[in-house]
Amino acid sequence: MTFFIGKFVKWFSIVAIVTEISVVAANSLEMVETTGRAIFQTEAEKDKARILALEEALYLAALSGGAKIDGYSSITTNSAISDNFVIRPASNIVDYTIIDESAAQEHYSVTIIAAVGSVESKGCMYNSIVNLTSFMPKILISSKVPAWFQVEAKRVYTGLMEKFQENSNINLINAESEPLDIHKLNSTKDQFDYTSLTVGRTRVEVGNYALFTQIEIKNKKSFKQDLIEAETDFVVLELDSKIFEGENYAPIFTQTDTINIPIRTQGVSRIINILSTPSKDSIRAEIDSFIPGHIDNIVKTLSCQPLTAKLNVEGDRLKIKLGGNHGLKKSSIAIAEGDITPWTLLRVTELGPNYTFLETLDSKKDLRKMNGLKIKFLEEM
């Protein structure tokens, strides 16, 4: 193994000063195979040698992603200056499994395959497809704004939905005739509910998202006194989009954007008042230019949400209710909190449109202990 050691600055001091140099940064998750060895002289020492060999294999695996070197100078009793180096792994062991171990004469060997690196994905590439269900919006309009804004509010909502549909990363499900009643959705069992049995009730499945939009239009006045005294009436349009995660409808984030649109100026000059009053078309154009930014912010945030799911044991296999329709691929990997290792790594073995079967890196794990665990998908291996 080769290490590239950067320039090391040495400090001469009675007090040791530590300088840390990152040699190679671990910036992805990779699989490595390493072998650790330890010496034993008696049968009683064999178990300890096995542990030491495993520790060495794990250490070598961590070093494969780079190393950090702590350097410091110290003064010995005879006033001689000595340089000291401590090598530490720069990578984390996410998960590992032992693939071979043996004891030959006085040596114990352990060979492992380990997932090394970071469990955090780089960038926002988790979801290639976002399934978004839009429920009935809430529209609030002040009586102090022009009456034609009643129609404008509905046009704004229609424009929002059209922009979502134009986005290739969004699969929009329109449920605008149904209110988003989270309490009822969480407390109602469809097989015993009259509405669910007769007309149906829209639900958001695990891995998908619910959207509740609130559009509020109100007025604001601004007084200005430069050369000419004037009072300007503004219409304040506030878009408030709340995103919830299915199937329990936990709130994920809220995107709020506001625009102030001048609609009328009242000053001492009637001619100036008329000339400075914008037309309905120009006001609509300003509103239309405001919508795409709101949509882009929502899509970007949704695209950065990691896919999560709950593990279910079916026979001798692990299954989740996510699949290709949610952007998963055969090369996708997931992690769950482990009991011995910090994380347990899972790989896709079978991929369906709305389901996935997975396996653990360590085939000896007790799957019953993983039933109900929450997993998170990372970048592809």
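What follows draws every value from the coordinates through simple rules; no lab data is involved. A quick note: this is a predicted structure, and the numbers were derived from the prediction, not measured. Ideal geometry is used to build each Cβ from the backbone, glycine not excepted, and the neighbour counts take in all protein chains shown.
Computed from phi, the 3J(HN,Hα) profile of segment 169-185 under the Karplus parametrisation 6.51, -1.76, 1.60 (θ = phi - 60°) reads 8, 10, 9, 8, 10, 8, 10, 5, 8, 10, x, 8, 9, 5, 4, 5, 5 Hz, with x in place of Gly and Pro. Annotation: peptides 50-58, 246-254, ranked by per-residue average of other Cβ atoms within 10 Å with the highest first, follow the order 50-58, 246-254. Here segment 301-329 is scanned for amide nitrogen atoms under 13 Å from the site 7 Å beyond the Cα of N167 along Cα-to-Cβ, giving 301-305. Of the cross-linked pairs K163/K310; K189/K321; K321/K364, those separated by over 27 Å at the C-alpha level are K163/K310. Site pair I51 and R37 shows an inter-label distance of 2.3 nm when each label is modelled 7 Å from Cα along Cα→Cβ. In this structure, the amide hydrogen of G246, modeled 1.01 Å from its nitrogen in the peptide plane, lies closer than 5 angstrom to those of G207, N208, Y209, A210, counting only residues at least 5 positions away or on a different chain.
For segment 293-300, the Karplus equation 6.51 cos²θ - 1.76 cosθ + 1.60, evaluated at θ = phi - 60°, returns couplings of x, 5, 5, 4, 4, 5, 5, 4 Hz by residue, with Gly and Pro reported as x. Our coupling estimate for segment 238-244, obtained by passing each phi through the Karplus curve with A = 6.51, B = -1.76, C = 1.60 and θ = phi - 60°, is 10, 9, 10, 10, 9, 10, 10 Hz, Gly and Pro reported as x.
Cα centroids of segment 132-172 and segment 291-339: 28 Å apart.
Residues whose amide H lies under 5 Å from that of V130, counting only those 5 or more places away or on a different chain, are I170, N171; hydrogens are built 1.01 Å from N in the peptide plane.
Within the same chain, lysines fewer than 8 places from K220 are excluded, and of the rest, those with a Cα less than 26 Å from its Cα are K138, K144, K154, K242, K280. Peptides 108-114, 170-176 ranked from most to least packed give 108-114, 170-176, packing being the mean of other C-beta atoms within 10 angstrom over each peptide's residues. Each residue, Q191 and S177, gets one label point 7 Å from its Cα in the Cβ direction; the gap between the two is 2.7 nm.
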